[in-house]
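The values are calculated or read from the model by the stated rules, or taken from the named source; none is laboratory data. A quick note: this is a predicted structure, and the numbers were derived from the prediction, not measured. FYI the Cβ positions are ideal-geometry reconstructions off the backbone, even for glycines, and counts take in every protein chain you see. Accessible surface is based on the protein model in full, side chains and every heavy atom, while ligands, DNA and RNA are left aside. Shrake-Rupley method; radii C 1.70, N 1.55, O 1.52, S 1.80 Å.
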Amino acid sequence: MIESYTLNKPLNNKTNSDTILAQITASAKDEVLNFIYLGKQEYNKMWKIQKQIHELVKNDNMPSIVLFLEHDHVYTFGKNSNKDFLLNSYPDNTQIVESDRGGQITYHGPGQLIGYPIINLNHFTKSVSWFMRSLEQIIIMTLHEYNISADRKEGMTGVWVDNEKICAMGVRLSRWTSMHGFALNIKPDMKYFDCMIPCGIFDYGVTSMYDVLSEEIEVKEIIEKISNNFTRVFKRSN
């Protein structure tokens, strides 16, 4: 059983990025993959931390790691996003960020589990398509444990329940090391999705685990299941 753990010292939105990075690097063990839960964190601060960890992992100065967290309300654009996909009706309490990941616009906020796999694929399989399909498979396996019939949709990224996306994905790779990742809808406020064209897709909707199951699910329980499925899918090659 894989244990996904929270850092020893309490973290919140006021914890500075240097402190968080120091705790992450001190907590990472010499494992194939490490899993750390950071609670709720502001997007730009975590983007900075991702870049710093990415450099360490890319140069084999730190083992590969998956960061789990929630964000405050934020719309993020991929590097080639169409800005018109964000509607003028979006709430005033929402941050807007132009990121360096792939993909179109997406929303992050409370009730949504963010996973940032910072993984050196030189030690696994050097294939972008394999990496994306592996992330999708991990989420599909996890949702099946909750009896949610989730799958891929041909020609689309992410994970779907019928014609509604339940998990969005967007990544960036440099020297075969990944950053950014996935956003699994557990129980977010769905009104925030009404203020954009999610991932630039007009024809399909968005759903959440709560919408499907009509029951509350503990975030740390989901993290443990996702972590275990990561270790099943990602087998170190060297």
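Among residues other than Pro91 with Cβ under 14 Å from its Cβ, the summed charge is -3 (Lys and Arg +1, Asp and Glu -1). Distances between placed amide hydrogens fall under 5 Å for Val171 paired with Gly102, all partners being 5 or more residues away or on another chain. Shape of region 64-187 from its Cα gyration tensor (a ≥ b ≥ c, root eigenvalues): rounded if a/c is under 1.5, otherwise prolate when a/b > b/c, or oblate? Oblate shape, in that a/c is at least 1.5 and b/c is the bigger or equal ratio. Expressed as a whole percent, the accessible area of region 136-238 that falls on carbon and sulfur atoms is 42 (1.4 Å probe). Across the protein chains, with a 1.4 Å probe defining accessible surface, the residues Trp160, Trp130, Trp47 rank Trp130, Trp47, Trp160 from largest area downward. Within the accessible surface of region 14-85, defined with a 1.4 Å probe on protein heavy atoms only, the carbon and sulfur portion equals 45 percent. With K and R counted +1 and D and E -1, the other residues having a Cβ less than 15 Å from that of Val206 yield a net charge of -2. About the centre of its Cα atoms, the chain shows a dipole size close to 940 debye [charges on the beta carbon of Lys, Arg (+1) and Asp, Glu (-1) only; nearest 20 debye].
With every protein chain kept in place and ligands, DNA and RNA left out, what is the accessible area per residue of region 53-98? Probe 1.4 Å, answer in Å².
Accessible area per residue: 47 Å².
Solvent-accessible surface of region 118-181, taken per residue with a 1.4 Å probe and all protein chains present: 41 Å². Roughly what % of Cα-Cα distances in region 130-238 sit above 21 Å, to the whole percent? That tail contains 36 percent of the Cα-Cα pairs. Binning the C-alpha pair distances of region 3-134 at 10 Å intervals from 0 yields a P(r) profile of 11, 39, 35, 13, 1 %, listed from the shortest bin outward. Computed extension gain for His144 through Asp72, at 0.36 nm per residue and net of the alpha carbon distance, reaches 23.1 nm. Gap in Å between the Cα centre of region 74-152 and the Cα centre of region 173-238? Between the Cα centre of region 173-238 and that of region 74-152, the gap is 7 Å. Here the spin labels are modelled as points 7 Å beyond Cα on the Cα-Cβ line, and at Tyr210 and Lys83 they lie 3.3 nm apart.
Which entry is the computed Rg and Dmax of the Cα atoms in Å for this structure: [x] 16.7, 50; [y] 18.2, 57; [z] 18.5, 74? Read-out taken from this structure: [x].
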